[in-house]
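The values are calculated or read from the model by the stated rules, or taken from the named source; none is laboratory data. Keep in mind the model is a prediction, meaning the values are calculated, not measured. In this analysis, Cβ positions are derived from the backbone assuming ideal geometry, glycine residues included, and neighbour counts consider all displayed protein chains. Just so you know, the surface numbers come from the protein's heavy atoms only, side chains and all, with ligands and any DNA or RNA stripped out. Shrake-Rupley method; radii C 1.70, N 1.55, O 1.52, S 1.80 Å.
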Amino acid sequence: MNPWSKGVLPRKTIELFSVALNAACTNLNPDGTRRHIRAALDAGANREEILMVLKMASVLSIHSCSLGAPILLEAAKEAGVQPQEKTKEPTPACDKMKEIGQWNTAWDPFYELDPVWTDEFFAVGLGIYTGGVFSPKDVELFSIALDASITHMYAPGTRRHIEAALKLGATMEEIMEVLKLCVAQGVQACNLGVPILAEELAKRSE
């Protein structure tokens with residue numbers, strides 16, 4: 001409960017981070033998601049904020065391509081396999097991400113393999129950075145939480161977003177609170193296991 005009692009982050013922000021961690025596509029914990037959505041609403045969060053958190057928790061899945069596309073390109077080169085020729089098509093969402101300084105070179109491999117799909121994906125994700133629901137600093141803090149979460153632990157993204165958060169004025173103490181919230185997710189092991197243990201012990205005492 002330390003992050004909730006220490007006062008470094010506002011209660012609403014803590015609950016929104018907790019929504020992100022529980023709803024993340026790498027976690028998908030329904031009980032925790034409901035509990036923290038309820039707590040976030042009680043702390044003053046609105047519909048748009050929670051929906052944006054859920055969007056961030058969804059687009060985390062891009063790391064499948066961040067991981068796999070470079071390996072595909074390397075393996076194909078070794079095997080002497082060439083990709084099919086592609087017609088040049090506009091990629092306005094990718095262009096916008098580059099324009100606002102949010103393009104990550106780790107995305108270049110899958111952009112090379114499928115630029116149209118990559119643009120479709122970032123058309124979904126672009127609103128996270130341009131929608132104005134959260135400040136750029138808060139977006140980076142959410143990204144740290146999702147990348148450093150115990151169900152993901154994506155080191156390249158964690159480093160990138162910590163560096164970006166610091167440049168945007170986040171303090172070391174704020175970032176540490178985010179990491180502590182990731183650790184607090186470990187309680188889900190007890191949330192899952194203790195009721196089952198209680199049921200099984202009760203059966204044996206009958």
Matching residues, segment 30-50, being under 22 Å from I144 (Cα atoms) and touching a residue at least 60 places away in the same chain (Cβ under 8 Å): G32, E48, E49
Checking G157 against (1) touching a residue at least 12 places away in the same chain (Cβ under 8 Å); (2) among the small types (G, A, S); (3) loosely packed, with under 14 Cβ neighbours inside 10 Å, the condition it does not meet: (3)
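Taking A45 as the residue in question, decide whether it is outside any loop (DSSP other than H, G, I, E, B) and open to solvent by less than 70 Å² (accessible area, probe 1.4 Å). Quick ask: steps written out before the conclusion?
Values: outside any loop (DSSP other than H, G, I, E, B): no; open to solvent by less than 70 Å² (accessible area, probe 1.4 Å): yes.
Here the answer is no, as A45 does not meet what is asked.
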Residues of segment 99-132 satisfying the condition of being more than 14 Å from S66 (Cβ to Cβ), of a type outside the set (S, T, N, Q) and touching a residue at least 24 places away in the same chain (Cβ under 8 Å): I100, P115, V116, D119, E120, A123, V124, L126, G127, I128, Y129, G131
Subset of segment 11-41 (residues that are surrounded by fewer than 20 Cβ atoms within 10 Å (Cβ to Cβ) and either of a type in the set (D, E) or not in a helix (DSSP H, G or I) (or both)): C25, T26, L28, N29, D31
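For the subset of segment 54-79 comprising residues that are hydrophobic (A, V, I, L, M, F, W, C) and under 18 Å from T158 (Cβ atoms), which member is surrounded by the fewest Cβ atoms within 10 Å (Cβ to Cβ)? Spell out the reasoning first.
Pass one, segment 54-79, residues hydrophobic (A, V, I, L, M, F, W, C): 54, 56-57, 59-60, 62, 65, 67, 69, 71-73, 75-76, 79.
Those left that are additionally under 18 Å from T158 (Cβ atoms): 56-57, 59-60, 62, 65, 67.
On the way: M56: 22, A57: 24, V59: 16, L60: 22, I62: 20, C65: 20, L67: 13.
Step by step, filter segment 54-79, then rank; the result is L67.
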